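The values are calculated or read from the model by the stated rules, or taken from the named source; none is laboratory data. Remember, it's a predicted structure, so these values are computed and weren't measured experimentally. When we count neighbours, we look across all protein chains shown, and the Cβ atoms used for this are built from the backbone with ideal geometry, even at glycine.
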Amino acid sequence: MPEVMKNYGIKIRNNMCSCPWHEDKHPSMKVFKDGANCFSCGWNGDIFAFIMKMDNVDFKTAYKRLGGSYATYNSDKDRWRANNRLKAKQAEIERKTHQKKALKNAVGLTLTICREAAKIYEPLSDGWCYAMNNLPYIDHIWQLITDNQEIDELYVYRKCKEINKRFL
């Protein structure tokens, strides 16, 4: 603390100095190795609090001004954990990408089946009506998937399976 205060031009004698935050005729601040205390105004703090008040800065800035660094030491165990978290996150992204692709393929196949069934079956027959009733829904689901919208994937899979079972 004495070194930091001297860098600000504060003269310390016998571990006492004039407080920088009010007028002093006689020194009223006791300076310790790791802090200071003013008996007049009541200010009390360590070197970080002193720099924060003197320069009107936050703790991070005061820490850096004192030569601190935010670089952290990573042990091999920490690196291993971080690497495993990264691998797990990548695996999850790949799984979701594969799942989305599989859903898109299933919906695309069902859409094609409904369109073809509407062409093959005679108009107003049961097969034609079933295909025409489901075609708008499947087309809507296709749009949601291509627009990356959230959908109930399980329900969509079940619906596609139900439609495909009818025609295949």
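Scanning the stretch 120-168 for residues that are of a type in the set (K, R) and not in a helix (DSSP H, G or I) turns up nothing. Of a type in the set (S, T, N, Q), part of a helix (DSSP H, G or I) and free of Cβ contacts under 8 Å to residues at least 12 places away in the same chain, is that true of Q90? Considered against the rule, which asks whether it is of a type in the set (S, T, N, Q), part of a helix (DSSP H, G or I) and free of Cβ contacts under 8 Å to residues at least 12 places away in the same chain, Q90 comes out as yes.
Number of residues in the stretch 82-99 that are over 18 Å from the mean Cα position of the chain (by Cα) and of a type in the set (K, R) equals 2.
Residue by residue through the stretch 31-46, note down the ones that are within 18 Å of E3 (Cβ to Cβ) and surrounded by 17 or more Cβ atoms within 10 Å (Cβ to Cβ). Passing the criteria: V31, A36. Counting only residues that are farther than 18 Å from K53 by Cβ, modelled with pLDDT of 90 or more and assigned to a loop (DSSP other than H, G, I, E, B), the stretch 6-26 holds 3 of them.
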